[in-house]
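Worksheet: one structure, shown below.
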Amino acid sequence: MRRTLAIIGATALAATAAACGAPSERAAEDGGGGGDATTITVGATPVPHADVLTYIQENLAADAGLNIEVTEFTDYNQPNTALVEGGLDANYFQTVPFMEDFLEGNPDADLTYVGDVHLEAFGLYSQKVGDVAELEDGVQVGVPNDAANMGRALKLLEDQGLLTLAEDSGDNPSEDDIEDNPKDLDIVPTEAAQLPRSLPDLDAAAINGNYAIEAKVAESAEALAFEDTEGNPYANGLVVRSEDADDEAVATLDELLHSDEVKRYMEEQWDGVVIPVDGGGEQG
């Protein structure tokens, strides 16, 4: 039940948007009920998000009255646009700070963060050194180039004593918020999905957990540090159009994402990297 989508064209989105509406409403209009499953289309990055949704579809969805169609995206740039334009019913790939940054740049969009599902340990990796202390002056360190994930990377570097950020830099600090860079690190903003393959050309890189897992970075590089998971604001969660936030199918999917079966699946598949968390995420 997995469909891969690299680029969504305007024509395809427009056609899908014509069928837009809450999943439960569409099911009712189509004569759903009487045991028929409600179809909900969810956009996700491949690992772990699409894998989690596929596990639910194959093991839990039918008994819950859902049919989950998974649309995979290979980067972070498209799933919110596809959701806003009606190509999706929900997406599952992002953090609250990332969504807030998207909404700031797209004031006509109206999205709601349903709740936290899991946290991916954001790590600093290197193929050239085995310890943070071995990073020499002037080395190149890759960080994601989107605002939310760049801020997360810079905070990780600060936690390791490599940088000092301005006290008022907030959740999404940028390079302009670096107040002290004692090693004169060369910060190299890079599209997040490209960081694993750029790692050989860098001295170190701060990489999102999902991309590190997908590229099997741990097999080719040393993990120099991981961000603190306690009180971490960067959990990933389910996002929908605000008009659909109370839809029955959305609520059912959110319940399945927080089920004991899914928590066990995450722990067995990605022990220590993908960490299930309770729901009740911050609303956007």
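Annotations for the structure displayed:
- Looking only at residues in segment 221-239 that are among the hydrophobic types (A, V, I, L, M, F, W, C) and under 14 Å from the mean Cα position of the chain (by Cα), the one that is farthest from A90 (Cα to Cα) is A235.
- When restricted to residues that are more than 20 Å from F73 (Cα to Cα) and β-branched (V, I, T), segment 202-216 contains 0.
- Which listed residue is modelled with pLDDT of 95 or more, open to solvent by 20 Å² or more (accessible area, probe 1.4 Å) and either over 15 Å from D203 (Cβ atoms) or touching an Asp or Glu at 6+ places or on another chain (Cβ under 9 Å) (or both), from D168, D101, D108, D146: D108
- Filtered residue count, segment 171-186, keeping only those that are more than 24 Å from E100 (Cα to Cα) and either in contact with a helix residue (DSSP H, G or I) (Cβ under 8 Å, 6 or more places away or on another chain) or open to solvent by 60 Å² or more (accessible area, probe 1.4 Å) (or both): 6
- Test: residue in segment 124-146 that is assigned to a loop (DSSP other than H, G, I, E, B) and without any contact (Cβ under 8 Å) to a residue 12 or more places away in the chain: no
- Scan of segment 199-243 for residues that are among the basic types (K, R) and either open to solvent by 60 Å² or more (accessible area, probe 1.4 Å) or touching a helix residue (DSSP H, G or I) at 6+ places or on another chain (Cβ under 6 Å) (or both), ordered by number: K216
- Verdict on N91 being polar (S, T, N, Q), in contact with a strand residue (DSSP E or B) (Cβ under 7 Å, 6 or more places away or on another chain) and at pLDDT 95 or above: yes
- Hits in segment 188-206 - residues which are under 24 Å from D228 (Cβ atoms), assigned to a helix (DSSP H, G or I) and of a type in the set (D, E, K, R): none
- For the residues V52, V70, V42, V47, the requirement of being buried (at least 20 other Cβ atoms within 10 Å of the Cβ), outside any helix (DSSP H, G or I) and under 14 Å from the mean Cα position of the chain (by Cα) singles out V42.
- Long-range neighbours under 8 Å by Cβ, at least six apart or interchain, first residue within 11 Å of A44 (Cα to Cα) within segment 79-91, second in a helix (DSSP H, G or I) and small (G, A, S): L88/A82; N91/A82
The values are calculated or read from the model by the stated rules, or taken from the named source; none is laboratory data. As the structure is a prediction and not an experimental result, all values here were calculated from the model. Every residue, glycine as well, gets a Cβ built from its backbone with ideal geometry; the counts of neighbours run over all protein chains shown. Accessible surface areas use protein heavy atoms only, side chains included; no ligands, DNA or RNA. Shrake-Rupley method; radii C 1.70, N 1.55, O 1.52, S 1.80 Å.
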